[in-house]
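To start, the structure under review is shown below, and the notes come after it.
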Amino acid sequence: MTSIDIADLTKVYGPVRAVDGLTFSVRPGRVTGFLGPNGAGKSTTLRLILGLDRPTSGSAAVGGLPYAALDEPLRRVGALLDPGAAPGARTARDQLRTLAAAGRIPARRVTEVLERTGIASAADRRIRTLSLGMRQRLGIAAALLGDPEALLLDEPSNGLDPEGIVWIRALLRELAAEGRTVLVSSHLMGETAEFADHLVVLGRGRLLADSGARELIDAWTTPRVRLRTTDGEGLRTLLTGRGYAPEASADGRWTVDGARAADIGALAADAGIPVLELADETGSLEEAFFALTAGSPEFVATRAQEV
């Protein structure tokens, strides 16, 4: 099984430490989301893994070897970095044939990946005539061409329509289920939450988190309970006395931060307070991300002054 292993990886450009002592591993059989604010070092890390840049120190290995030392690297690692880099005058099929020939990949794989990515009907169109979403699918087809054990995909949802978004989620899960190592860089928190099993989060080139998606959300968000009752004042008195700070909303529901539904339900039952609705509200990945990276964004907009 192929893993991607980053060890004390550092990349310095002049006065800027784009990547600063990163250490983490991407394991087979799961989708790892690679997150961070703009300027966090995600793209630089991907380039270092693929040998497109040389590290100042540390190492990046795929299956125990640096990318440059891999035998037939297209069969080991598939990557999507810039789908716009393909020559616009070529057809989609010719682009894949060229890559297949360069990587000593059987020609039959061209047809297989065109079909798997849903662009077989557009295979003989010139790339410049393809929509952004179709070029994105072509880039994913190129990444899959060598039937690789590991995949590095930078913003694979970019340009896809709603049907394409559903498709890429399913594809990522399928690839992980096949035992591949899948690393997906994205800035779409809600989308990442739909497919990622594990998360690696960067901030200013440093590792901020390396954990399961659910564990990260639980660690960086506050649980809350929403409920509805016919005895609001009784509920307020009860929960305030237990250290909670319940808040009523205009729709008649109550919110209790830092609480679990099982605990609030038990308290209400013991006090004889009727509960018409009771549910846990878990935090979102977006909430956890902003809490975790609060001091890390490189580019922060200032609030416009009122005139």
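Residues in segment 191-236 that are in a helix (DSSP H, G or I), more than 23 Å from Ala7 (Cα to Cα) and either among the aliphatic types (A, V, I, L, M) or at pLDDT 95 or above (or both): Ala193, Ile217, Ala219, Leu235.
Taken over segment 214-257, residues that are surrounded by fewer than 18 Cβ atoms within 10 Å (Cβ to Cβ) and within 30 Å of Val31 (Cα to Cα) amount to 6.
One line per residue, one yes/no per condition, for (1) of a type outside the set (Lys, Arg); (2) without any contact (Cβ under 8 Å) to a residue 12 or more places away in the chain:
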{"site": "Ser3", "(1), (2)": "yes, no"}
{"site": "Tyr13", "(1), (2)": "yes, yes"}
{"site": "Arg30", "(1), (2)": "no, no"}
{"site": "Thr44", "(1), (2)": "yes, no"}
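Of these, Leu52, Leu96, Leu81, Leu35, which one is buried (at least 20 other Cβ atoms within 10 Å of the Cβ) and under 16 Å from Leu153 (Cβ atoms)? Leu35 is the lone residue from the list that is buried (at least 20 other Cβ atoms within 10 Å of the Cβ) and under 16 Å from Leu153 (Cβ atoms).
Among the residues examined, Thr181 does not qualify as outside the structural domain of Thr56 (by TED's automatic domain parsing), at negative phi, at pLDDT 90 or above and of a type in the set (Val, Ile, Thr). Within segment 48-69, residues that are over 12 Å from Ser25 (Cα atoms) reach partners that are among the polar types (S, T, N, Q) and not in a helix (DSSP H, G or I) with beta carbons closer than 6 Å, at six or more positions or on different chains, in the pairs Thr56/Thr10; Ser57/Thr10; Gly58/Thr10. Restricting Thr45, Thr23 to residues that are buried (at least 17 other Cβ atoms within 10 Å of the Cβ), outside any loop (DSSP other than H, G, I, E, B), of a type in the set (S, T, N, Q) and modelled with pLDDT of 95 or more narrows the list to Thr45. In this structure, Arg204 does not qualify as among the basic types (Lys, Arg) and over 35 Å from the mean Cα position of the chain (by Cα).
Within segment 70-104, the residues that satisfy the criterion of being closer than 13 Å to Arg135 by Cα and assigned to a helix (DSSP H, G or I) are Pro83, Gly84, Ala85, Ala92, Arg93, Gln95, Leu96.
Quick check on segment 187-206. Is at least one of its residues within 18 Å of Ala291 (Cβ to Cβ) and hydroxyl-bearing (Ser, Thr, Tyr)? Scanning segment 187-206 turns up at least one residue that is within 18 Å of Ala291 (Cβ to Cβ) and hydroxyl-bearing (Ser, Thr, Tyr). Looking at segment 267-290, can you tell me whether even one residue there is in contact with a Lys or Arg (Cβ under 7 Å, 6 or more places away or on another chain) and of a type in the set (Val, Ile, Thr)? Checking segment 267-290: not a single residue is in contact with a Lys or Arg (Cβ under 7 Å, 6 or more places away or on another chain) and of a type in the set (Val, Ile, Thr).
Residue-wise test of (1) under 34 Å from the mean Cα position of the chain (by Cα); (2) over 28 Å from Arg17 (Cβ atoms).
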position	(1), (2)
Leu172	yes, yes
His198	yes, no
Ala209	yes, no
Leu227	yes, yes
Tyr244	no, yes
Gly252	no, yes
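Against the test of being surrounded by 13 or more Cβ atoms within 10 Å (Cβ to Cβ), in contact (Cβ under 8 Å) with a residue 60 or more places away in the chain, assigned by TED's automatic domain parsing to the domain that holds Ser185 and in contact with a Phe, Trp or Tyr (Cβ under 9 Å, 6 or more places away or on another chain), the options Asp154, Asp147 yield a single qualifying residue, Asp154. In this entry, Arg135 passes the filter for residues that are of a type in the set (Lys, Arg) and either in a helix (DSSP H, G or I) or within 19 Å of Val31 (Cα to Cα) (or both).
The values are calculated or read from the model by the stated rules, or taken from the named source; none is laboratory data. Since the model is a prediction, treat every value here as computed from it, not as a measurement. Heads up, the Cβs are rebuilt from the backbone with ideal geometry, glycines too, and the neighbour counts pull from every protein chain shown.
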